[in-house]
1. Looking at segment 118-128, which of its residues are surrounded by 17 or more Cβ atoms within 10 Å (Cβ to Cβ) and in contact with a strand residue (DSSP E or B) (Cβ under 9 Å, 6 or more places away or on another chain)?
2. Return only the number of the condition from (1) more than 15 Å from the chain's Cα centre (by Cα); (2) surrounded by 19 or more Cβ atoms within 10 Å (Cβ to Cβ) that residue 104 does not satisfy.
3. Working only within segment 188-206, note down all residues that are assigned to a loop (DSSP other than H, G, I, E, B), within 21 Å of residue 162 (Cα to Cα) and touching a helix residue (DSSP H, G or I) at 6+ places or on another chain (Cβ under 7 Å).
4. Applying the selection to segment 137-161, what residues are outside any strand (DSSP E or B) and within 21 Å of residue 206 (Cα to Cα)?
5. Among the residues in segment 158-169, are any buried (at least 17 other Cβ atoms within 10 Å of the Cβ) and at positive phi?
6. Here are some residues: 170, 145. Which one is over 14 Å from residue 109 (Cβ atoms) and under 18 Å from the mean Cα position of the chain (by Cα)?
7. If I ask for residues that are over 22 Å from residue 160 (Cα atoms) and touching a residue at least 40 places away in the same chain (Cβ under 8 Å), which ones from segment 97-113 would you list?
């Protein structure tokens with residue numbers, strides 16, 4: 001990995017591309033220490049996703065080169081001193097013309113919480129976090145969110161129990177709920193179900209439809 005200055009402008013949607021790649025990697029590897037290795041592995045398995053041998057992410061370059069005898073090599077160049085990515089109106093995201101939208105994300109995997117926060121904050125949402133259903137209920141009581149995005153399989157209290165309790169309580173029954181899970185199966189009580197790994201643009205577009213329709 002090279003940390004070199006780079007003067008060219010970032011691509012139109014670098015954050016969405018990187019978040020998508022890291023989403024797939026984190027889902028498959030599930031370990032914070034292996035996220036970067038997961039990025040390389042995912043790129044190696046999904047070269048068809050890259051229209052050229054180089055792709056821009058966060059204002060830097062991810063380059064791929066394959067040599068018959070040596071295998072594949074990836075070079076990552078990061079732009080020095082790059083600033084936070086700006087929120088994008090296109091392709092989903094909270095509108096700057098209305099009050100801030102707060103999304104509570106519930107997942108026991110730190111990698112997934114990070115990726116969801118990265119995706120949603122870049123799109124202009126305010127984000128709360130909880131590692132399981134019981135913590136999510138405490139967070140909701142303290143500060144009511146506009147939407148809950150929850151995994152299903154979690155310790156202490158899983159997503160199904162969280163949804164059941166939210167729907168049974170008059171104070172939380174009307175809060176929209178999105179299930180984001182690798183294996184959602186048959187689930188009741190949720191407004192929307194999405195599968196992991198997720199595409200950031202699909203996620204933010206769907207969230208914008210939910211909170212826009214409920215406002």
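Read-outs throughout are calculated quantities, based only on the coordinates presented, and are distinct from any laboratory measurement. In this text the structure is predicted, and so the values were computed from the model without any measurement. Backbone-built Cβ (ideal geometry, glycine too); neighbour counts: all protein chains shown.
1. 120, 121, 125, 127, 128
2. The single condition residue 104 does not satisfy is (1).
3. Listed by number, the residues that qualify are 189, 190, 191, 196.
4. The answer is 144, 145, 146, 151, 152, 159, 160.
5. no
6. Going through 170, 145 in turn, just one is over 14 Å from residue 109 (Cβ atoms) and under 18 Å from the mean Cα position of the chain (by Cα): 145.
7. 98, 101 - these are the residues of segment 97-113 that are over 22 Å from residue 160 (Cα atoms) and touching a residue at least 40 places away in the same chain (Cβ under 8 Å).
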